[in-house]
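Okay, so here's the structure we're looking at.
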Ligand code: PLP
């Protein structure tokens, strides 16, 4: 059976450029910290790869140390949230502003900070919109960090984080703003230089790179103010902010995927948007409801089925050779309804009957047609057995 992969927000297939770069990098086994020739070779390659990811992120004059490679997006988010808090905010700085639909790798770290006595305020993202006016009362000298995602991993909602960051910096220039751009990178137009974030997370396996590599981009304000503490301690790699020998093979794949994706960005976005539109148009007149935020990343479509559990639909589609997900990959083994979908405004029952379709630039219109056909026959077959 020809399998159709429509779960690209969970992870993407490795792109050709990444595969080639990684195969090549395997021959260059030096440790970038070693002082001999193999080490110097690895260090030079690492420098080029860092520059490539910086360029794809729109960091025009990035200086050394402005981008730290990590083991994944989760680690970059942890370093940002816990590292800023650990860099000892001034006395009285106790407030963190965030949203109610962050990825667990941000949300669970925020809960940790709450246990330590910090106040975390979560702005509503109902309907896929960030409620900025609710931030006003908290924009004072007690605010030391804002962390907000650019695109939501379950609904695709594109939040107006640049406005939130601007408001926070205006009221309190000492406040540091972190953006989890894991789902937005190479899907939504933005550049690190104009977004207004001080720290920004990306992950290789969401853009055609390998699993197990992420990065945290840093503004000069963070570096010069020494406002980030490491969460991993050891040999002092990555400017002392992320100890551990760099995953040079994975990083080579990340850099190649980022460069390839940046080169075809516009066409890719247009293509993924056309696939999403085709899917949504094809569902008109059915009982399937589309959960569409006002501004949406091009690759994610969230669908609520008419009282059929998402797990049932997922298995039905899987048997037809089509991979989608129920909520996000990380929450799909959990029994409680997705926090992001509840924050969007879905009832727990509706959240439990919601699937996520996510495209990559490699998906085709024909695949969307096959999905539509499978969903239509699924509606007939599954509605009969839903009660
Ligand atoms: N942030 C968002 C929005 C994500 O969607 C994900 C992964 O699904 C992550 C962070 C974590 O990335 P990683 O899988 O590289 O740890």
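The values are calculated or read from the model by the stated rules, or taken from the named source; none is laboratory data. Note that the coordinates shown come from a computational prediction; the quantities given were computed from them, not determined experimentally. When we count neighbours, we look across all protein chains shown, and the Cβ atoms used for this are built from the backbone with ideal geometry, even at glycine.
Criterion applied to 195, 216, 199, 186 was being within 16 Å of the ligand (Cβ to nearest atom) and free of Cβ contacts under 8 Å to residues at least 60 places away in the same chain, and the one residue passing it is 195. Going by the structure shown, is residue 252 modelled with pLDDT under 95 and under 16 Å from residue 67 (Cβ atoms)? Considered against the rule, which asks whether it is modelled with pLDDT under 95 and under 16 Å from residue 67 (Cβ atoms), residue 252 comes out as no. The number of residues in region 80-110 being more than 16 Å from residue 159 (Cβ to Cβ), more than 13 Å from the chain's Cα centre (by Cα) and within 12 Å of the ligand (Cβ to nearest atom) comes to 4. Checked against the criteria, residue 165 does not count as part of a strand (DSSP E or B), on the phi < 0 side of the Ramachandran plot and either at pLDDT 95 or above or more than 16 Å from the ligand (Cβ to nearest atom) (or both). Taken as a whole, region 136-159 holds no residue that is closer than 21 Å to residue 341 by Cα and surrounded by fewer than 21 Cβ atoms within 10 Å (Cβ to Cβ).
Candidates are the residues of region 168-183 that are assigned to a loop (DSSP other than H, G, I, E, B) and more than 30 Å from residue 353 (Cβ to Cβ); the one that is nearest to the ligand (Cβ to nearest atom) is 175.
Checking each residue in region 153-182 for being out of contact with any strand residue (DSSP E or B) (no Cβ under 8 Å at 6 or more places or on another chain) and under 26 Å from residue 293 (Cα atoms) picks out 160, 162, 163, 166, 167.
If we scan region 33-42, do we find a residue that is away from the ligand (no atom under 16 Å from the Cβ) and in contact with a helix residue (DSSP H, G or I) (Cβ under 6 Å, 6 or more places away or on another chain)? Yes, there is a match, as at least one residue in region 33-42 is away from the ligand (no atom under 16 Å from the Cβ) and in contact with a helix residue (DSSP H, G or I) (Cβ under 6 Å, 6 or more places away or on another chain).
Number of residues in region 271-285 that are touching a residue at least 12 places away in the same chain (Cβ under 8 Å) and more than 14 Å from residue 371 (Cα to Cα) equals 4. Within region 264-315, the set of residues being part of a strand (DSSP E or B) and buried (at least 20 other Cβ atoms within 10 Å of the Cβ) comprises 291, 296, 300, 301, 302, 303, 304. Taking region 1-14 as the range and being surrounded by 14 or more Cβ atoms within 10 Å (Cβ to Cβ) and more than 16 Å from the ligand (Cβ to nearest atom) as the test, only 4 passes.
Inspect all residues belonging to region 124-131 and state whether any of them is surrounded by 15 or more Cβ atoms within 10 Å (Cβ to Cβ), within 15 Å of the ligand (Cβ to nearest atom), part of a helix (DSSP H, G or I) and touching a residue at least 60 places away in the same chain (Cβ under 8 Å). Yes: region 124-131 contains one or more residues that are surrounded by 15 or more Cβ atoms within 10 Å (Cβ to Cβ), within 15 Å of the ligand (Cβ to nearest atom), part of a helix (DSSP H, G or I) and touching a residue at least 60 places away in the same chain (Cβ under 8 Å). Scanning region 188-218 for residues that are closer than 19 Å to residue 75 by Cβ and assigned to a loop (DSSP other than H, G, I, E, B) gives 197, 198, 207, 209, 210, 211, 212, 213. Considering the conditions (1) away from the ligand (no atom under 16 Å from the Cβ); (2) assigned to a loop (DSSP other than H, G, I, E, B); (3) modelled with pLDDT of 95 or more; (4) more than 17 Å from residue 151 (Cβ to Cβ), residue 226 is excluded by exactly one of them, (3). If the condition is being farther than 17 Å from residue 256 by Cα and either under 15 Å from the mean Cα position of the chain (by Cα) or at pLDDT 95 or above (or both), then region 49-70 contributes only 66.
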